Amino acid sequence: MAKQKYYVVWVGKKTGIYGSWGECQSQVNGVAGAKYKAFESRAEAEKAYARGWKGYWGSQSSQSSQSAKSGSPKTAGASAARSPRAAASTQEEIDYDSISVDVGTRGNPGPVEYKGVDTRTGEVLFSCGPISKGTNNLGEFLAIVHALAYLKKQGSNKTIYSDSVNALKWVRQKQVATTLKRDESTKEIWELVDRAEHWLRTNTYQNRILKWQTREWGEIKADYGRK
């Protein structure tokens, strides 16, 4: 019995992760510049989808475009899937049709607030806080999940940017990993975190959630300017 593969569609009629080549093919056939690739496991596919196509799409693109008509795409392997460091160093372009999120803190832990802005215009789309006591990473986590819920309500598949590696990881895992204790002073943020984790466990989404490349692009558009 053939081992199941998972197919990531970054650019197509509907982006996402698909469990069969037929589903993938229906999303990329006839789409100019379609970008997609097969992976051996769901975890690899989710990681690739979150990172974005430029970490995986290179010299294989012309072959893969042709394969949409004649066969299945090349499975990502050691030569195709780059390391996180290599992916981060590519000359990736900013997807301006997106939401950027960031957190502002006064001490860590300390009072926390966060917001999501239109990456192109800087318009504030939502904000929350100050929350009495929390951490930078928890604020980033809440901001990403808030953005996901905001976009789902709109029926939008827009990209979300965050500059927090830990928060991006927690969203993928649907669970935070923090040393912040649960007590009366942190009750407010923990209630929000519990709700956010529940939302992730009970909802699906097609949005890409990507790392904002601060070194190449400057501060994220939602930055509070408190560094």
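When Lys and Arg each count +1 and Asp and Glu each count -1, what net charge do the other residues less than 9 Å away from Val103, Cβ to Cβ, add up to?
Values: positive: Lys115; negative: Asp102, Glu113, Glu140.
Cβ neighbours under 9 Å give a net charge of -2.
Pull out a ≥ b ≥ c, the square roots of the eigenvalues of the alpha-carbon gyration tensor of segment 121-227, then state rounded if a/c is under 1.5, prolate if not and a/b is larger than b/c, and oblate in the remaining case.
Cα axes put segment 121-227 in the oblate bin.
Using a cut-off of 9 Å between beta-carbons, work out the net charge of the residues near Ser162 (Lys and Arg +1, Asp and Glu -1, Ser162 not included). Kindly include the intermediate steps, with their values, before the conclusion.
On the way: positive: Lys211; negative: Asp102, Glu140, Asp163.
Charge balance in the 9 Å sphere: -2.
With the full set of protein chains in place, find how many percent of the accessible area of segment 148-190 is carbon and sulfur; take the probe as 1.4 Å.
Carbon and sulfur together cover 46 percent of it.
To the nearest 10 square angstrom, how much accessible area does Arg172 have with a 1.4 angstrom probe?
Ignoring ligands and nucleic acids, Arg172 comes out at about 110 Å².
Charges only on Cβ, +1 for Lys and Arg, -1 for Asp and Glu: so what's the dipole of segment 115-205 about the Cα centre, in debye to the nearest 20?
The calculation lands at about 300 debye.
Just reorder Ile17, Ile220 by solvent-accessible area, largest first, 1.4 Å probe, all chains present. Please report the intermediate quantities before stating the final value.
Values: Ile17 40, Ile220 5 Å².
Result of the area sort, largest leading: Ile17, Ile220.
Report the FRET efficiency, 1/(1 + (r/R0)^6), for Tyr96 and Cys128, where r is their Cβ-Cβ distance and R0 is 35 Å, rounded to 0.05.
The value I calculate is 0.90.
By the scheme Lys and Arg +1, Asp and Glu -1, what is the net charge of all other residues having a beta-carbon under 9 Å from that of Cys128?
Charge balance in the 9 Å sphere: 0.
Among the GluC sites (Glu not before Pro) within segment 92-126, which fall in a DSSP loop and have no more than 16 other Cβ atoms within 10 Å of their own Cβ?
In loop regions of segment 92-126 (DSSP not H, G, I, E or B), the sparsely surrounded GluC sites (Glu not before Pro) are Glu93, Glu123.
Please list Trp212, Trp199, Trp190 in order of solvent-accessible area, largest first, computed with a 1.4 Å probe with all protein chains present.
Trp199, Trp190, Trp212
The values are calculated or read from the model by the stated rules, or taken from the named source; none is laboratory data. The model shown is predicted, which means the values in this text are computed figures rather than measured ones. Heads up, the Cβs are rebuilt from the backbone with ideal geometry, glycines too, and the neighbour counts pull from every protein chain shown. Areas reflect the complete protein model, heavy atoms only, side chains present, ligands, DNA and RNA absent. Shrake-Rupley method; radii C 1.70, N 1.55, O 1.52, S 1.80 Å.
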